[in-house]
């Protein structure tokens, strides 16, 4: 191992000890430093951010026993067991340092990694996978199947620590990795093209607000669904039209009126999303905050020749494209509020209240 400067033996961080409420998150100052192994780097974390996946994992929402909305967490962890699947479908291992986002600097490199990378400012690509063979869907997630960014230091494969050259602050950069790579993947895999009409649900959240920007940069007409009090902020990100969350979408938009749906919500309103798609339209999803179990009329699917795409795995080019957009100033960070890492429970409470547009960011201790 080669280090940029002398390293401490222990670090501060937040550990998740079980499925449950905020009380299962424990801030500690005696966590062992995760030294980099061959092909890995140690990143000194500057900032991370709060994401739905953090909450989903904490409350056990990825368990098949959970069928309610994300905000109904108690219903999930009351029935979840430690052997229930994590984000990637493997049993959840506790304790776990969560945190799907990370902006920081490389503090040490393991054997086989160029020492010239020491001190490099990086963003961590959240999708991780083995490269011995190309197995695109055999992937795991930073902060879920391995420890993540809710600590002073984190250890990642060297190729997952992607150099970024930007004048943006650490907090602003930390708002990008999870939400924006998810949104870019949705837009990319849905095949969004210039001139199309694209409906984005949950448009004021982290992924939704990113999807508005990333769709708009492709030259499309974005229709955003968000709380009425957030419409001005969502329009500022590039939405051409805004509809309230409880709007009758079929009446407001008309049947077969949009080319693509980017959906983060699911829930009871889901069937109408297929009704407003044009024949041959595409639907892409990577979330279901209003509920994961929906009603699908297969006649709508096949008679309209629709394409439904579930979006989790990302090719590396998705994150590389995202970093390029950041460096060229083609997309803007949307940071609603920042908290110290030790105040993670307050940050997650603010996240759950949904009274903001964009991202809530956690600042690592100095």
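The values are calculated or read from the model by the stated rules, or taken from the named source; none is laboratory data. Remember, it's a predicted structure, so these values are computed and weren't measured experimentally. Backbone-built Cβ (ideal geometry, glycine too); neighbour counts: all protein chains shown.
Only one of the listed residues (205, 191) is touching a residue at least 40 places away in the same chain (Cβ under 8 Å) and closer than 20 Å to residue 355 by Cα. That residue is 205. Filtering segment 305-333 to residues that are assigned to a loop (DSSP other than H, G, I, E, B) and in contact (Cβ under 8 Å) with a residue 12 or more places away in the chain leaves 305, 306, 311, 312, 313, 314, 315, 330, 331, 332, 333.
Would you confirm whether any residue within segment 287-298 is surrounded by fewer than 16 Cβ atoms within 10 Å (Cβ to Cβ) and over 30 Å from residue 61 (Cα atoms)? There is no residue in segment 287-298 that is surrounded by fewer than 16 Cβ atoms within 10 Å (Cβ to Cβ) and over 30 Å from residue 61 (Cα atoms).
Quick check on segment 162-180. Is at least one of its residues part of a strand (DSSP E or B), in contact with a helix residue (DSSP H, G or I) (Cβ under 6 Å, 6 or more places away or on another chain) and within 25 Å of residue 49 (Cα to Cα)? Yes: segment 162-180 contains one or more residues that are part of a strand (DSSP E or B), in contact with a helix residue (DSSP H, G or I) (Cβ under 6 Å, 6 or more places away or on another chain) and within 25 Å of residue 49 (Cα to Cα). Taking the criterion of being surrounded by fewer than 20 Cβ atoms within 10 Å (Cβ to Cβ) and in a strand (DSSP E or B), the residues of segment 13-25 that qualify are 15, 25. For segment 334-365, filtering for residues that are part of a loop (DSSP other than H, G, I, E, B) and surrounded by fewer than 21 Cβ atoms within 10 Å (Cβ to Cβ) leaves 4. Run residue 191 past the list (1) surrounded by 18 or more Cβ atoms within 10 Å (Cβ to Cβ); (2) outside any helix (DSSP H, G or I) and report the number of the one that doesn't hold. Result: residue 191 passes all but (1). Which residues, taken from segment 194-219, are in contact with a strand residue (DSSP E or B) (Cβ under 7 Å, 6 or more places away or on another chain) and surrounded by fewer than 24 Cβ atoms within 10 Å (Cβ to Cβ)? Within segment 194-219, 196, 197, 216 qualify. Selection within segment 213-227: residues that are in a helix (DSSP H, G or I) and either modelled with pLDDT under 95 or in contact with a helix residue (DSSP H, G or I) (Cβ under 6 Å, 6 or more places away or on another chain) (or both). The member of this set that is farthest from residue 274 (Cα to Cα) is 214.
Restricted to segment 13-25, and to residues that are in contact (Cβ under 8 Å) with a residue 60 or more places away in the chain and under 19 Å from residue 100 (Cβ atoms), which residue is farthest from the chain's Cα centre (by Cα)? Taking the candidates together, the pick is 17. Of all residues in segment 248-260, none are closer than 22 Å to residue 355 by Cα and out of contact with any helix residue (DSSP H, G or I) (no Cβ under 7 Å at 6 or more places or on another chain).
Yes/no per residue for (1) in a helix (DSSP H, G or I); (2) within 16 Å of residue 331 (Cβ to Cβ); (3) assigned by TED's automatic domain parsing to the domain that holds residue 337; (4) at pLDDT below 95:
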position	(1), (2), (3), (4)
208	yes, yes, no, no
211	yes, yes, no, no
233	yes, yes, no, no
238	no, yes, no, no
246	no, no, no, yes
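I'd like to check something: does segment 316-324 contain any residue that is touching a strand residue (DSSP E or B) at 6+ places or on another chain (Cβ under 8 Å) and assigned by TED's automatic domain parsing to the domain that holds residue 197? The answer is no, given that none of the residues of segment 316-324 is touching a strand residue (DSSP E or B) at 6+ places or on another chain (Cβ under 8 Å) and assigned by TED's automatic domain parsing to the domain that holds residue 197. Scanning segment 267-285 for residues that are surrounded by 14 or more Cβ atoms within 10 Å (Cβ to Cβ) and at pLDDT below 95, we see that the one that is farthest from residue 180 (Cα to Cα) is 269. Assess whether residue 28 counts as being in a loop (DSSP other than H, G, I, E, B), surrounded by fewer than 20 Cβ atoms within 10 Å (Cβ to Cβ) and touching a strand residue (DSSP E or B) at 6+ places or on another chain (Cβ under 8 Å). Answer is no for this residue. Does at least one position in segment 291-299 carry a residue that is within 17 Å of residue 205 (Cα to Cα), assigned by TED's automatic domain parsing to the domain that holds residue 233 and touching a residue at least 12 places away in the same chain (Cβ under 8 Å)? Yes, segment 291-299 has at least one match.
Among the numbered conditions (1) within 20 Å of residue 45 (Cα to Cα); (2) out of contact with any strand residue (DSSP E or B) (no Cβ under 8 Å at 6 or more places or on another chain); (3) in a loop (DSSP other than H, G, I, E, B), the only one that residue 116 does not meet is (3).
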